[in-house]
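The block underneath contains the structure these notes are about, expressed in structure tokens.
The values are calculated or read from the model by the stated rules, or taken from the named source; none is laboratory data. Predicted model, so just to flag it, every value in this text is computed and none were measured. Positions of Cβ are backbone-derived with ideal geometry, glycine not excepted, and every protein chain shown enters the neighbour counts. The protein model used for the area step is the full one, side chains on, heavy atoms only, and it has no ligands, DNA or RNA in it. Shrake-Rupley method; radii C 1.70, N 1.55, O 1.52, S 1.80 Å.
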Amino acid sequence: MEKRTLQKVGLLCASVALCSAASWWSGNEGGSREARQIAEPPATTAVEEVPVTVCVSGAVKQPGVYQIPKGSRAQQVIELAGGVTEEADMDKVNLAQLCKDGGHIKVPRLSQARLKKKLQKKAETVQRTEDPAASGTGGILVHLNSATEEELEQLPGIGQATARQIVLFRNRRGFRSIEEIMQVPGIGPAKFAKMRDCLTL
């Protein structure tokens, strides 16, 4: 009888011990899970940047509708349109303008008179670059004591008004050296240095 009682007491103690261990393990597992949830930061969702759509027209090489990143400027969308043409009036374009979705960038054109003047000036610049004689770096000689006003205007930096002053100076006293041209109003050492090689008496 005592032996059976001892066996029952032993089984009861073992059951209590097992229940306690299970309860402790369950509590620790829950705590670990909770700790992991606190330690792990919530996942962030990436925000996709939506481009803006802008219309470009006027004096550009490829007018049309373009999609550009938000925050772009007028200069960037004009570059996408191939850049401006020669007739573009850039004085009326704000290249720093912020582009808005559904916006319109219009590049105005020069008037016919201003376009003609611009093209003529460009052609003269190209000619001076390609032709040494036209640039005053060589190939021409201007005789100070006999040149006409038109011939004097070929000198670098000499316009119609200054050419007339040279002729008036010559008519009063003549040139005895090319350096005397610096006594003409509007001609100083810097301008003389550019035309020295083109002058002769």
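What a 1.4 Å probe finds exposed on the stretch 158-201 is 50% carbon and sulfur by accessible area, rounded to a whole percent. With each label modelled as a point 7 angstrom along the Cα→C-beta vector, the Met182-Thr53 pair spans 6.8 nm. Charge tally around Arg73: other residues with Cβ under 14 Å, Lys/Arg +1 each, Asp/Glu -1 each, net +1. To put it simply, the accessible area of the stretch 76-125 at a 1.4 Å probe is 53 percent carbon and sulfur.
For the stretch 179-188, backbone phi angles converted through the Karplus equation (6.51, -1.76, 1.60; θ = phi - 60°) give residue-by-residue couplings of 5, 5, 5, 6, 7, 6, x, x, 10, x Hz, Gly and Pro being listed as x. The H on the amide N of Val142, modeled in the peptide plane, is under 5 Å from the matching H of Leu199, Thr200, each at least 5 residues off or on a different chain.
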